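The values are calculated or read from the model by the stated rules, or taken from the named source; none is laboratory data. Keep in mind that what you see is a predicted model, and the values were worked out from it rather than measured. Glycine gets a Cβ as well: all are built from the backbone with ideal geometry, and neighbour counts include every protein chain shown. Heads up: the accessible areas ignore ligands, DNA and RNA and are worked out on the full protein's heavy atoms, side chains in. Shrake-Rupley method; radii C 1.70, N 1.55, O 1.52, S 1.80 Å.
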Amino acid sequence: MRVYVPLTLPGLAEAYKTGDLETGLVAYAVTPALREWYLSDDIEELEYAALNRAAMASLRLLAADPGARRRRVVVAVDVPDGAAVADPDRGLDPSALGEVRVSGGVRLAKAAAVHVDADDAEADVAAAAAALEALEAADGGDDDAQFVVDGAEDHELLWFATQEIPNLVDLPD
């Protein structure tokens, strides 16, 4: 099963140093609730929707880490079927669509790809991370903040091979 793990660049750097993504991590995948919400049978469209859900979660991580460089990061990794489980109690919660918890450790070497914002997205991502805090404080009712968050979502994440991670996190080989 393909899962999409939201991170920040410091989180990716830590995973690169240790070789592991955190144990018991939260990721996003094509779940029954996501299929129902997205109303599509096209697996590529559904995986793109799961990737975008992970990108929003990465934005939330950035809002919680003001020192992190303002780029959303999502790692695509394949895990064994059954290793990623959706919480049935949160299945209908719109904020949890596609959310799964991955049991056991996940080696970064097993990642299929890394998706990261381009340089030109940083200003919009920074504004969205700041607006996200305001949006959550207003219980999601702030239309102006949502407009700013949507500005970050207008940027497509770039695809990188896992061999490019050292360059992404500015670490020597």
**Message:** Pairs needed: first member in segment 107-123, within 23 Å of G67 (Cα to Cα) and modelled with pLDDT of 90 or more; second member anywhere, open to solvent by 10 Å² or more (accessible area, probe 1.4 Å) and assigned to a helix (DSSP H, G or I); C-beta distance under 8 Å; at least 6 residues apart or different chains.
**Reply:** V114/T162; V114/E164; V114/L168; H115/L51; V116/L9; V116/L168
**Prompt:** Yes or no: A109 farther than 16 Å from A27 by Cβ and among the aliphatic types (A, V, I, L, M)?
**Reply:** yes
**Prompt:** Hey, any hits in segment 20-27 for a residue that's in contact with a Gly (Cβ under 6 Å, 6 or more places away or on another chain) and open to solvent by 80 Å² or more (accessible area, probe 1.4 Å)?
**Reply:** yes
**Asked** How many residues, within segment 62-103, are over 21 Å from T162 (Cα atoms) and open to solvent by 30 Å² or more (accessible area, probe 1.4 Å)?
**Response** 19
**Request:** Can you confirm whether segment 94-103 contains a residue that is on the phi < 0 side of the Ramachandran plot, in contact with a Gly (Cβ under 9 Å, 6 or more places away or on another chain) and without any contact (Cβ under 8 Å) to a residue 40 or more places away in the chain?
**Result:** yes
